[in-house]
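For reference, the structure is listed below as structure tokens.
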Amino acid sequence: MVKELIKTKNLKLWFTDNYVLHDLDFTVYEKKITALIGPSGCGKSTLLRSFNRMNDLIPECKIEGEILLEGQNIYDSKADVTDVRTKIGMVFQRPNPFPKTIYNNVAYGLQIRGEKRKSVLDDVVEKSLRDAWIWDEVKDRLHTSALSLSGGQQQRMCIARALANQPKVLLLDEPTSALDPKSTAKIEELCIDLKDKVTILIVTHNIAQAGRISDYTTFMYLGDIIEFGETKRVFTVPKDKRTEDYLTGVFG
Amino acid sequence: MKLTKVILALVAILAIAMFVGCNNQNQEQTGSTLEGKITMSGSTTVLPIAQACAEEFMNQNPKVNISVRGGGSSIGIKDIMAGTVEIGNASRDAKGKEINKAKESGIDLYQNVVANDGIAIIVNPKNTITNLTLEQIQAIYTGKYTNWNELGGPDMNIVLISRDTSSGTYEVFYEIAMKKQNIVQNCIMVASNNAAVTSVKDTPGAISYAGLGYLSSSVKPVQVNGVDPTMANVLSGKYAVARKLNMYTNGAPQGITKTFIDFILSDEGQKIVEKQGFIKVK
Amino acid sequence: MKVFKEILFKAVTYFAAIFSILALFGIILTLFMEGIPMFQEVSLREFLFSSAWYPTNEHQSFGALALFFGSLAVTIGALVIAVPIGLGTAVYISEIAGSRTKEIIKPMIELLAGIPSVVYGLFGMAFLAPFLIRNIGIDSGLNIFTASIVLGIMIIPIISSMSEDALSTVPRALREASYGLGATRWETITRVVIPSAKTGIIGSFVLGFGRAIGETMVVIMVAGGAAQIPSSVFDPVRPLTTSIAVEMAETVLGSIHFHSLFALAIMLFIITFITNLFTELFLFKKVK
Ligand SMILES: Nc1ncnc2c1ncn2[C@@H]1O[C@H](COP(=O)(O)OP(=O)(O)OP(=O)(O)O)[C@@H](O)[C@H]1O
Ligand SMILES: [Mg+2]
């Protein structure tokens, strides 16, 4: 039985005069991996960033409509942004570790919420790093700079950092595009492993990757959602001609 | 890094001074007709007299060119010894050391007294003190008194202000008023007569000193040993803290330089001296 | 032809580099050549540990300790004022102000940097000193406190513009990472942005320090010039630069007093040298 976790209602978004998201109604199912695919510039990242209100940081951005997380509108005037961002974590295209130790990177979310007890921090750091499959590689160097990790390790550490907040949703924006094939494979497997714990929404340009790991696929084109459905169905019998063209590489 | 700038600037100034100096010596030979060039440098106390007299002199003798620079008394004497100027201004008498050094290099430091200057002891107008003895002044500046009420004045901390130790005014004060006793270390040092006057004006408890020419109604001069710091009292020799203002030349002045110094010593010149707030020679 | 150009280019840049090095060595050489002769008549011990600076009196003494403390006092005072305000300004401009506010504030701060130091001195002497006497009940307005404020205002632009440069080079990705983890703007700035820009920010403090300790005109005008070891922030002091600049004008060329002023300059040089060395070592280590 799948449960709806996030629903967008009439979501419209502008950057100044540029109308980027066209009245979107979209659903994310709990504990599933949903892939967002589509040609460059169609609004995938923008849509993704709307879910944890990252677009609030861009002054030119204007947003209308609702995004409901378990029935609560995260854009409600009473909603707490930091709470939204804690519940809906994000991992970016390029690994972005803070210039701090590995430990302090992962503990950051808890520390800013005032957690000082070392035992709690130690536990969460270890658990998050284990969940992100990087514990064994870093357990002996937790107090060295995160910048000394390889790109793939950094990205998994960033996933651990997001997981430390115990989010309901993890937003991944092309998380493997800056990584080598081996690191990519590892993160793909990790995603599949994580979906028991957390709902994943992933933007990717790698169609095969979407096929390999996602349960649902959304195809976006010029600010519209053209097609949404179970990945198997979308990949085998696309309803829309444009989806088919994109999947077969006619444009992209 | 600032320092390097200061040093480079000094070097540049020296170089320019030498260059200008050399040029002048060639032109000086033009003779005793009222045509030619005089350069002088030295004490900033003598500067206003030199400047005002030079202007008037050049008005009357348009073909004469007089340039006046400051630098301080030691610079004036140094420049005479180096032969870079015709007149070296000094607000003090040349020291024995300087005279000897000049003799060694074949230069005869010749003193022309052009004016007298009294150093007035000044306090803030709010201060009720009107008279101080030299001994009291010494006790104040050596830190023996710290409040004006110890001297019969208001209950107010004494704020000591002095001219910087390298100024000619300080030297006169140190030698004549202080009888060469060290001024206490917490004494504020300011870099000019104007700074001294301004500071006293702004500071109720202040005491300082400045040339008579720099007095203004914003500060109050006090009597020294019961004598007012007036021109008349300086001339008559009653006022204790006074000094001569000199224009040094190499040997007795000659040619156009003599004409100029004679002009300053004439009635007309001495009027200018008085107008600048100094005291005439006779 | 190409080879010739290459060689010419190399030669020109080489001589440019050599020139600054030569200038540096020339200056150091001058300092030491003119400064060392003082020690034939004044012991190093007196120079370093005595606070009696009476260079022109009958019994001369050349204790530079009070002057050293004078320089230190006004410089630390200036940093105490300029570091929080300069850094605060930098954070405001780089993190908080909208682009329009930024356009107004930045040029105004640059204007502050362009004001000649003698004007700062006048401001301190004619306005701030009497203002402080009237309003905080001190006996005199020429002291460490006033000098620190004026010097502080003077180095605010240095600290703020250099810190702002450092802050604005912190990648957007780091801010987004922090916001993405639920941090507020304040938390993001204090825990991520400022620590990431640490090298540049500390560099701005060092630059401000150098500017303050080397400043001459302002301290001549407002620090009070009293060669004493201060016991309160309202005491007048005489920084090294004051003695060098004021006394050089009147001293006899080649006298001990003359040489002692170069010795003061050596002291100033060594202070800035050690400061630079320490920051270099410290920053270098942290970056690695
Ligand atoms: N900060 C911004 N300010 C103004 N316009 C923006 C901004 N970010 C994105 N846009 C515009 O919004 C549109 C969608 O951009 P978005 O980054 O969401 O595309 P995307 O589908 O993620 O593309 P890509 O696959 O290349 O990452 C583009 O036209 C882009 O120019
Ligand atoms: Mg994108």
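For segment A:128-159, what are the residues that are of a type in the set (D, E, K, R) and touching a residue at least 24 places away in the same chain (Cβ under 8 Å)? Spell out the reasoning first.
Step one: filter segment A:128-159 for residues of a type in the set (D, E, K, R), giving A:130-131, A:136-137, A:139-141, A:156.
Within segment A:128-159, A:ASP131, A:ARG141, A:ARG156 qualify.
Tell me whether segment A:47-62 contains one or more residues that are more than 14 Å from chain C (Cβ to nearest Cβ), in contact with an Asp or Glu (Cβ under 6 Å, 6 or more places away or on another chain) and more than 16 Å from ligand 2 (Cβ to nearest atom).
No, that holds for no residue.
Restricting to segment A:139-183, give me the number of residues that are over 15 Å from the mean Cα position of the chain (by Cα) and either over 19 Å from A:PHE98 (Cα atoms) or of a type in the set (Asp, Glu) (or both).
So in segment A:139-183, the residues over 15 Å from the mean Cα position of the chain (by Cα) come out as A:139-154, A:178-183.
Retained after the next criterion (residues that are either over 19 Å from A:PHE98 (Cα atoms) or of a type in the set (Asp, Glu) (or both)): A:140, A:180-183.
Final tally of qualifying residues: 5.
So which residues in segment B:168-180 are open to solvent by 60 Å² or more (accessible area, probe 1.4 Å) and more than 7 Å from every other protein chain (Cβ to nearest Cβ)?
B:GLU175, B:LYS179
When A:THR236 is evaluated against the numbered criteria (1) touching a residue at least 24 places away in the same chain (Cβ under 8 Å); (2) open to solvent by 30 Å² or more (accessible area, probe 1.4 Å), which criterion, by number, is the only one it fails?
All conditions are met except number (1).
From the list B:GLY153, B:GLY143, exactly one residue is surrounded by fewer than 17 Cβ atoms within 10 Å (Cβ to Cβ), among the small types (Gly, Ala, Ser) and outside any strand (DSSP E or B). Which is it? Spell out how you get there, then give the answer.
On the way: B:GLY153 fails: surrounded by fewer than 17 Cβ atoms within 10 Å (Cβ to Cβ).
Only one candidate qualifies: B:GLY143.
Okay, residues lined up against (1) within 12 Å of another protein chain (Cβ to nearest Cβ); (2) at pLDDT below 95; (3) assigned to a loop (DSSP other than H, G, I, E, B):
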residue	(1), (2), (3)
C:LEU132	yes, yes, no
C:ASN135	no, yes, no
C:SER140	yes, yes, yes
C:LEU151	no, no, no
C:SER160	no, no, no
C:ALA173	yes, yes, no
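Just to be sure before I move on: is C:ASP165 within 12 Å of chain B (Cβ to nearest Cβ), open to solvent by 60 Å² or more (accessible area, probe 1.4 Å) and of a type in the set (Asp, Glu) in the structure I sent? Reasoning before the result, please.
On the way: within 12 Å of chain B (Cβ to nearest Cβ): no; open to solvent by 60 Å² or more (accessible area, probe 1.4 Å): yes; of a type in the set (Asp, Glu): yes.
In short, no.
Exactly one condition in (1) outside any helix (DSSP H, G or I); (2) modelled with pLDDT of 85 or more; (3) closer than 30 Å to C:MET33 by Cβ is not met by B:ALA102; state its number.
B:ALA102 satisfies all of (1) outside any helix (DSSP H, G or I); (2) modelled with pLDDT of 85 or more; (3) closer than 30 Å to C:MET33 by Cβ except (1).
Looking at segment C:254-263, is at least one residue under 26 Å from C:VAL119 (Cα atoms), open to solvent by less than 40 Å² (accessible area, probe 1.4 Å) and either assigned to a helix (DSSP H, G or I) or at pLDDT 95 or above (or both)?
Going through segment C:254-263, the residues under 26 Å from C:VAL119 (Cα atoms) turn out to be C:261.
Okay, now just the ones that are also open to solvent by less than 40 Å² (accessible area, probe 1.4 Å), so C:261.
So of that shortlist, the ones also either assigned to a helix (DSSP H, G or I) or at pLDDT 95 or above (or both) come out as C:261.
Within segment C:254-263 (the criterion being under 26 Å from C:VAL119 (Cα atoms), open to solvent by less than 40 Å² (accessible area, probe 1.4 Å) and either assigned to a helix (DSSP H, G or I) or at pLDDT 95 or above (or both)), the answer is yes, since at least one residue qualifies.
Out of the residues in segment A:2-24 that are more than 16 Å from ligand 2 (Cβ to nearest atom) and free of Cβ contacts under 8 Å to residues at least 40 places away in the same chain, state the one that is least open to solvent (accessible area, probe 1.4 Å).
The selected residue is A:VAL2.
I'm trying to understand the selection: among the residues of segment A:25-37, which are more than 16 Å from ligand 2 (Cβ to nearest atom) and not hydroxyl-bearing (Ser, Thr, Tyr)?
A:ASP25, A:PHE26, A:VAL28, A:GLU30, A:LYS31, A:LYS32, A:ILE33
Considering segment A:193-218 alone, what residues qualify as being open to solvent by less than 30 Å² (accessible area, probe 1.4 Å), outside any helix (DSSP H, G or I) and within 15 Å of ligand 2 (Cβ to nearest atom)?
The answer is A:LEU201, A:ILE202, A:VAL203, A:THR204, A:THR218.
Has segment A:31-47 got at least one residue that is under 20 Å from C:GLY180 (Cβ atoms) and among the charged types (D, E, K, R)?
yes
Please find, among A:ILE67, A:ILE63, A:ILE58, the residue that is within 10 Å of ligand 1 (Cβ to nearest atom) and among the hydrophobic types (A, V, I, L, M, F, W, C).
On the way: A:ILE67 fails: within 10 Å of ligand 1 (Cβ to nearest atom); A:ILE63 fails: within 10 Å of ligand 1 (Cβ to nearest atom).
Going through A:ILE67, A:ILE63, A:ILE58 in turn, the sole match is A:ILE58.
Would you mention how many residues in segment A:144-192 are among the hydroxyl-bearing types (Ser, Thr, Tyr) and in a helix (DSSP H, G or I)?
To start, the set of residues in segment A:144-192 that are among the hydroxyl-bearing types (Ser, Thr, Tyr) comprises A:144-145, A:148, A:150, A:176-177, A:183-184.
Remaining after also requiring in a helix (DSSP H, G or I): A:148, A:183-184.
Counting residues in segment A:144-192 that are among the hydroxyl-bearing types (Ser, Thr, Tyr) and in a helix (DSSP H, G or I) gives 3.
Within the bounds of segment A:130-143, is there any residue that is crowded, with 16+ Cβ neighbours inside 10 Å, within 16 Å of ligand 1 (Cβ to nearest atom) and under 24 Å from A:ASP173 (Cβ atoms)?
The answer is no, given that none of the residues of segment A:130-143 is crowded, with 16+ Cβ neighbours inside 10 Å, within 16 Å of ligand 1 (Cβ to nearest atom) and under 24 Å from A:ASP173 (Cβ atoms).
Can you report the number of residues in segment A:94-108 which are surrounded by fewer than 20 Cβ atoms within 10 Å (Cβ to Cβ) and facing chain C (nearest Cβ under 9 Å)?
Going through segment A:94-108 one residue at a time, the tally reaches 3.
Taking the options C:ILE81, C:ILE76, name whichever one is assigned to a helix (DSSP H, G or I), under 25 Å from the mean Cα position of the chain (by Cα) and buried (at least 17 other Cβ atoms within 10 Å of the Cβ).
Being assigned to a helix (DSSP H, G or I), under 25 Å from the mean Cα position of the chain (by Cα) and buried (at least 17 other Cβ atoms within 10 Å of the Cβ) holds for just one of C:ILE81, C:ILE76, which is C:ILE81.
Can you tell me which residue in segment C:228-248 is farthest from C:ASP139 (Cα to Cα), limited to those that are among the small types (Gly, Ala, Ser) and surrounded by fewer than 24 Cβ atoms within 10 Å (Cβ to Cβ)?
Our first condition is that a residue be among the small types (Gly, Ala, Ser); within segment C:228-248, this holds for C:231-232, C:243, C:245.
From the residues that got through so far, the ones that are surrounded by fewer than 24 Cβ atoms within 10 Å (Cβ to Cβ) too are C:231-232, C:245.
Numbers: C:SER231: 15, C:SER232: 13, C:ALA245: 27 Å.
Per the criteria, the residue is C:ALA245.
Can you tell me which of (1) open to solvent by 70 Å² or more (accessible area, probe 1.4 Å); (2) not in a helix (DSSP H, G or I) is the one C:SER51 doesn't meet?
If we test C:SER51 against (1) open to solvent by 70 Å² or more (accessible area, probe 1.4 Å); (2) not in a helix (DSSP H, G or I), just (1) comes out false.
The values are calculated or read from the model by the stated rules, or taken from the named source; none is laboratory data. This structure is a prediction, so every number in the text was calculated from the model and none was measured. A quick note on method: Cβ atoms are made from the backbone with ideal geometry, for glycine too, and the neighbour counts reach across all protein chains shown. Note: accessible area is taken over every heavy atom of the protein model, side chains too, but ligands, DNA and RNA are not part of it. Shrake-Rupley method; radii C 1.70, N 1.55, O 1.52, S 1.80 Å.
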